[in-house]
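Trainee: First the structure, then my questions, so here it is.
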């Protein structure tokens, strides 16, 4: 019997080891798993059960976060297939992509000077999520198709990382603007 | 005392018994205790029929302690020995008192840890002890009403409480002699109370404005699973602040100048609070203020004036609402229901502002003062095992990011806020000197980049690191946050497998030594005996361990244990049952440890099978 702590995240959730994930099924599995392992189920059990239950619940939470997030799921799948994504690998060969990033960053810097900063920021956020979704679709093809292309998948993962950083900055600015303006 | 019957191994265990459990809302202004009786949860009244217990404790020179209404009545007469709003001091340090000092006019003294002590005629009291006195009163009330000893309780805390504040609350429970099954976030408890009546799945917002704290939580309810998506709030914002604003206005209107003094300040706050409450269903009230010289001043406050006075506070609650929605990734339009919690949500302007913000009328059917205790009682009833088939599950999040201090006073986040708990994250560190055997870690909680802007939780010292060349040791430090939101840290050197020893220095919590002393004091005060209490605690623990083991063995002992293994487990259980009926607390503790060692492999197999079982139906059809 394999232990929870040695199973990979897909095995743990009884999901096929691929990029495409049925999110409703993932959510339902998550609830089922937590229902059976959560420490609240072991409130009166011995210390050992409680300790194991906490480890299992933490592991399931971690796996769920990875499988739910398009970027983390992609990185994880690549890692399972023996292609590790190096965090330090920052240089990008794609000039068009870099131009696009510079353009988006300039728009972000200008938001504060717009007549309607919040409106401008939300429009920018929409642009970012559209492009992120396009990368996500590409990553699905690079990982799940018959002629899977790990090099292409790695490149897409790196691009997605740029976007998540940008997304975080958008959120921070949105919070600041709302606190100032509303 | 009822002695638990221990059945012979292999025989059936005792039939299921109903255990007494309670939910406790330990509030800034008022506290409540609730329990599930005949299938429905309700708050328990005192002998005079009052449900709310004012969270006020008065210490008298002869050592007597008054809790609740009696103490509150004396608050203005004896302000220095009558502690109100102690919840604001839980898990706080001496440096925090500067901001709270104007609210709480006590004489503080420094303790052994950095937790401040309040100087009273009966001696110095820590906020944890004051809270324990409130909890003990609720425990007495529950045990008298329910007619027996409580098996366990659930105590609620603001979702936004940090680790130190949670730990302080748990310590208070322990000091009051309670078995704390879980610290439950107040908004989650409220959602449970409402979720029971409405089986509709969807996204719920819980707006909780109490006496001293504000919380907003966004939850997803799906087939009995309450999943907290995000939480935000302000631990120093509540109805007390409204009272202060009104009191300041009263001083202005009635021409009271300068420092009013402790007693006068209390009277002003009481008048302010009463006026605020009356304006819930009136448009205008007359307010009277008694001066120190016996004369009385009068003024009039309208609801419109009140609304204008408190508007900045009401607006201040909306920023966390926006942040929680953003963190949850949902829009205000997606919220299916808004639940109101806390006495301050009775203020009409608050309801109005919340209705505007979420574009829907908030739910107020359950008394906002009682709803949290009721939800906690439901959870407590399940946790003690009275409803083994119940499917309800509460998945909470950590409200503030956990991080460690790195070079230059910066923080590095280890667990981001709104991560579902329990959670475990590991981080690797190395030594920077040859032969280095110790290392210090500073853990902080908060969202800011500079360590000084975050809240210091604890300093951990890793010791017994095997001496190696600089940079060769790989020390894996695991930060674990349990279902109560409490942090623990373990460390292991990876190349040698050596377990590093960890010394914890909590920044604002009580040291183990202080807890021990307080426990001793409280017991001495109750004319009890430390040893007797310790023995009783170990006996209860032994009963629990034996009961859980017998139930498990009955279910699958044959499946997971060879006959040899079964014999050794049974022997260890028999030895524990014998020790339990003796009077040596330490022997019981050793027997528990021995039984745990004997059954370790069994427990491991069981727990693994449990998780496999959950996914069993899916494995075949979906791996194409």
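The values are calculated or read from the model by the stated rules, or taken from the named source; none is laboratory data. Predicted model only: the values in this text are computed from it and were never measured. Glycine gets a Cβ as well: all are built from the backbone with ideal geometry, and neighbour counts include every protein chain shown.
Trainee: Select from region B:587-616 the residues that are at pLDDT 90 or above and farther than 25 Å from residue B:562 by Cα and write down the one among them that is farthest from the other protein chains (Cβ to nearest Cβ).
Mentor: So the residue we want is B:587.
Trainee: Read through the list (1) on the phi > 0 side of the Ramachandran plot; (2) assigned by TED's automatic domain parsing to the domain that holds residue A:29, then give the number of the only condition that residue A:64 fails.
Mentor: (1)
Each row is one residue, and each column tells you yes or no for (1) under 30 Å from residue B:446 (Cβ atoms); (2) within 20 Å of the chain's Cα centre (by Cα); (3) not in a helix (DSSP H, G or I).
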{"residue": "B:124", "(1), (2), (3)": "yes, no, yes"}
{"residue": "B:139", "(1), (2), (3)": "no, yes, no"}
{"residue": "B:169", "(1), (2), (3)": "yes, yes, no"}
{"residue": "B:188", "(1), (2), (3)": "yes, yes, no"}
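Trainee: Within region A:61-77, track down each residue that is surrounded by 20 or more Cβ atoms within 10 Å (Cβ to Cβ) and facing chain B (nearest Cβ under 8 Å).
Mentor: A:61, A:64
Trainee: Quick check: is even one residue across region B:145-166 part of a helix (DSSP H, G or I) and surrounded by fewer than 21 Cβ atoms within 10 Å (Cβ to Cβ)?
Mentor: Yes.
Trainee: In region A:106-121, which residues are loosely packed, with under 14 Cβ neighbours inside 10 Å and within 30 Å of residue A:156 (Cβ to Cβ)?
Mentor: Passing the criteria: A:106, A:109, A:110.
Trainee: I would also like to ask the following. Can you spot a residue in region A:37-52 that is in a loop (DSSP other than H, G, I, E, B), facing chain B (nearest Cβ under 8 Å) and at pLDDT 90 or above?
Mentor: yes
Trainee: Would you mind telling me which numbered condition in (1) at pLDDT below 90; (2) part of a helix (DSSP H, G or I); (3) touching a helix residue (DSSP H, G or I) at 6+ places or on another chain (Cβ under 8 Å); (4) over 16 Å from residue A:69 (Cα atoms) residue A:142 fails?
Mentor: Tallying (1) at pLDDT below 90; (2) part of a helix (DSSP H, G or I); (3) touching a helix residue (DSSP H, G or I) at 6+ places or on another chain (Cβ under 8 Å); (4) over 16 Å from residue A:69 (Cα atoms), residue A:142 fails exactly one: (1).
Trainee: If only one of B:253, B:227 is outside any helix (DSSP H, G or I) and touching a residue at least 24 places away in the same chain (Cβ under 8 Å), which one is it?
Mentor: Criteria check complete, one pass: B:227.
Trainee: Still on this model: Output the strands (runs of 3 or more DSSP E) that fall wholly within region B:373-421 and possess 1 or more residues being touching a strand residue (DSSP E or B) at 6+ places or on another chain (Cβ under 9 Å) and more than 9 Å from every other protein chain (Cβ to nearest Cβ), or say none.
Mentor: Hits in region B:373-421: B:402-406, B:410-415.
Trainee: For residues in region B:538-577 being closer than 30 Å to residue B:517 by Cβ and within 14 Å of chain A (Cβ to nearest Cβ), which is surrounded by the fewest Cβ atoms within 10 Å (Cβ to Cβ)?
Mentor: Within region B:538-577, the first condition is being closer than 30 Å to residue B:517 by Cβ, and the residues that meet it are B:538-545.
If we keep only those that are within 14 Å of chain A (Cβ to nearest Cβ) too, we end up with B:538, B:540-545.
Values: B:538: 21, B:540: 15, B:541: 18, B:542: 23, B:543: 17, B:544: 19, B:545: 24.
Selected residue: B:540.
Trainee: Of (1) buried (at least 16 other Cβ atoms within 10 Å of the Cβ); (2) within 14 Å of chain A (Cβ to nearest Cβ); (3) over 30 Å from residue A:22 (Cβ atoms), residue B:580 satisfies all except one. Which?
Mentor: All conditions pass for residue B:580, except number (2).
Trainee: Considering only region B:49-74, state which residues are crowded, with 21+ Cβ neighbours inside 10 Å, without any contact (Cβ under 8 Å) to a residue 40 or more places away in the chain and in a loop (DSSP other than H, G, I, E, B).
Mentor: B:56
Trainee: Starting from region B:595-619, keep only residues that are within 26 Å of residue A:32 (Cβ to Cβ), then list their pairs with residues that are modelled with pLDDT under 80 and not in a helix (DSSP H, G or I) whose Cβ atoms are within a distance under 6 Å, requiring at least 6 positions of separation or different chains.
Mentor: Pairs that qualify, where the first residue is within 26 Å of residue A:32 (Cβ to Cβ) and the partner is modelled with pLDDT under 80 and not in a helix (DSSP H, G or I), are B:608/A:1; B:608/A:3; B:611/A:4.
Trainee: Somewhere in region B:435-448, is a residue part of a loop (DSSP other than H, G, I, E, B), without any contact (Cβ under 8 Å) to a residue 24 or more places away in the chain and over 20 Å from the mean Cα position of the chain (by Cα)? Reasoning before the result, please.
Mentor: Filtering region B:435-448 for residues part of a loop (DSSP other than H, G, I, E, B) gives B:435-438, B:446-448.
Filter once more, so that each one left must be without any contact (Cβ under 8 Å) to a residue 24 or more places away in the chain: none.
No, the conditions are met nowhere in region B:435-448.
Trainee: Further, regarding this structure: Taking the stated definitions as given, is residue A:22 over 17 Å from the mean Cα position of the chain (by Cα) and surrounded by fewer than 20 Cβ atoms within 10 Å (Cβ to Cβ)? Steps first, please.
Mentor: Values: over 17 Å from the mean Cα position of the chain (by Cα): no; surrounded by fewer than 20 Cβ atoms within 10 Å (Cβ to Cβ): yes.
Criteria not met by residue A:22.
Trainee: Going by the structure shown, is residue B:141 under 21 Å from residue B:26 (Cβ atoms) and at pLDDT 90 or above?
Mentor: Here the answer is yes, as residue B:141 does meet what is asked.
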